[in-house]
Amino acid sequence: MLLGDYMLKEKQLIEYLDPTYLYIPITYNNYKSNTYINKLDKITNALDIIYFPISGNIIKTTYKLNSKNKNELYLVIKNDFKEKTIYNKKYNLPNIDKKQNILIINAYDLEPFITYNNNLIKNYAQNLLETIDYIMEKNKINQTLIMTKDKDKIYFNNYLGTYPNIKLTSLTYKNSIPLNSIYNTYLYLKYQKPIITKIINIITPKHNLNIKVKLGTLLKDILIKFNLYQDIDNNFLLIINSCINGNNIKNDNLVITSDINSIIFIKNNFQKTTTCIKCGKCYEICPVNLIPIYIVKYIDNSKKLKKLIPNKCIECGLCSFVCPSKIELLEHIKIAKERIKNEL
Ligand code: SF4
Ligand code: SF4
């Protein structure tokens, strides 16, 4: 397929499920080369039980990066593309806190550009609602609130009539369950098998792709498969999950694991701060409707500053992130908050 075709499809979910090599994290190196493994054979490492997403021979062990930017030991499996599966075990539902009588689900893509939840909702709204309804029934939960953006509500609204106890909200709550867990539960229920695939959102200056891959796929292989190296060079930062509090990864030798949702490439240009060009981006993006640039402007005018209520700021940092003039808005707002607090 040509890159042009992918660009047309990039709002849809695309797949890369046949990597030649796959990487499984291990704690101890007690595996022999040329040992044959079947798809869904399992191993236990220090933290988890891992199911092999492909069948084939163990080639060697190697060090690759994990999502915390640390080198980790991996088994390298060469795919024989036979997809031979030996698996009989039934799967249980993931644990839900039985004391809860309201389920809160986070389906919000907080940062600009990230379309991870948006893509899940667009492609699986009906399946997600069915799964939520099933979880509610099994756990005797009376009501569910799904935190979601207005633009994504339409996809749920197509099916919500059937589920009067599931409501959508634009408000945000703590202690919510990520939508990704509901999607994984849906996969459990549908296939009765361990989760061996993962949808990841890859964002470059030219593409915003949601790709279903096997867990253990190397990022490098995905970038080659979809010609994404054309979009980036050495002068890019590779960020995992969040520009605000995610990890900056050293290089593309990164293995896809279940905790990776988004991979963001941003230009590493530490531009100098310039003056405000009045583009309005900082107040358009503020989730609590502040006007960050006015707070900066009136930081020494306590009367005006109070009216701008900087203490409402949740310090998400989005205003600084989107500002094309690289003004450190959040740093100023933190100072403004202190000033208001000291005057109360
Ligand atoms: S850091 Fe504060 S002012 Fe800036 S976008 Fe977030 S909430 Fe709004
Ligand atoms: S985003 Fe930056 S340049 Fe645009 S209005 Fe806000 S402070 Fe000014």
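The values are calculated or read from the model by the stated rules, or taken from the named source; none is laboratory data. The model shown is predicted, which means the values in this text are computed figures rather than measured ones. Glycine also receives a Cβ, built like all others from the backbone with ideal geometry; neighbour counts cover every protein chain displayed. To get the accessible areas, we keep the full protein, side chains included, count just its heavy atoms, and leave off ligands, DNA and RNA. Shrake-Rupley method; radii C 1.70, N 1.55, O 1.52, S 1.80 Å.
For PHE265, the stated conditions hold: it is aromatic (Phe, Trp, Tyr), open to solvent by less than 30 Å² (accessible area, probe 1.4 Å) and closer than 23 Å to PHE236 by Cβ. No other residue among ASN57, ASN45 is at pLDDT below 90, polar (S, T, N, Q), surrounded by 12 or more Cβ atoms within 10 Å (Cβ to Cβ) and closer than 18 Å to LYS214 by Cβ apart from ASN45.
When segment 21-53 is filtered for residues that are more than 15 Å from TYR74 (Cα to Cα), in contact with a Lys or Arg (Cβ under 8 Å, 6 or more places away or on another chain) and not in a strand (DSSP E or B), the ones remaining, listed by number, are ASN38, LEU40. The helices (runs of 4 or more DSSP H) located wholly in segment 239-319 include none with 2 or more residues which are aromatic (Phe, Trp, Tyr) and within 16 Å of ligand 2 (Cβ to nearest atom). Put simply, of LYS198, LYS190 the only residue that is more than 22 Å from LEU110 (Cβ to Cβ) and either open to solvent by 10 Å² or more (accessible area, probe 1.4 Å) or in contact (Cβ under 8 Å) with a residue 60 or more places away in the chain (or both) is LYS190. For ASN311, the conditions (1) within 25 Å of the chain's Cα centre (by Cα); (2) surrounded by fewer than 20 Cβ atoms within 10 Å (Cβ to Cβ) are fulfilled apart from (1). Here segment 327-344 is the region considered, the condition is being touching a residue at least 40 places away in the same chain (Cβ under 8 Å) and over 21 Å from PRO287 (Cβ atoms), and the residue that is nearest to ligand 2 (Cβ to nearest atom) is ARG339. Residue check: is TYR183 hydroxyl-bearing (Ser, Thr, Tyr) and open to solvent by 30 Å² or more (accessible area, probe 1.4 Å)? Considered against the rule, which asks whether it is hydroxyl-bearing (Ser, Thr, Tyr) and open to solvent by 30 Å² or more (accessible area, probe 1.4 Å), TYR183 comes out as no.
When you look at SER325, is it closer than 30 Å to LEU228 by Cα and assigned by TED's automatic domain parsing to the domain that holds ILE244, yes or no? Considered against the rule, which asks whether it is closer than 30 Å to LEU228 by Cα and assigned by TED's automatic domain parsing to the domain that holds ILE244, SER325 comes out as no.
When PRO205, PRO194 are screened for being modelled with pLDDT under 90, farther than 25 Å from GLU83 by Cβ and not small (Gly, Ala, Ser), only PRO205 passes.
Conditions tested, residue by residue: (1) in contact with a Ser or Thr (Cβ under 8 Å, 6 or more places away or on another chain); (2) not in a loop (DSSP other than H, G, I, E, B).
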{"position": "LYS167", "(1), (2)": "yes, yes"}
{"position": "LEU189", "(1), (2)": "yes, yes"}
{"position": "PRO194", "(1), (2)": "no, no"}
{"position": "ILE199", "(1), (2)": "no, yes"}
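Taken together, the residues in segment 315-344 that are of a type in the set (S, T, N, Q) and either within 13 Å of ligand 1 (Cβ to nearest atom) or open to solvent by less than 80 Å² (accessible area, probe 1.4 Å) (or both) amount to 2.
Within the option set TYR294, TYR283, being touching a Lys or Arg at 6+ places or on another chain (Cβ under 9 Å), modelled with pLDDT of 90 or more, among the aromatic types (Phe, Trp, Tyr) and farther than 30 Å from SER181 by Cβ holds for one residue only, TYR294.
Would it be correct to say that ASN234 is in a strand (DSSP E or B) and either at pLDDT below 85 or open to solvent by 20 Å² or more (accessible area, probe 1.4 Å) (or both)? For ASN234, the condition - in a strand (DSSP E or B) and either at pLDDT below 85 or open to solvent by 20 Å² or more (accessible area, probe 1.4 Å) (or both) - is not met.
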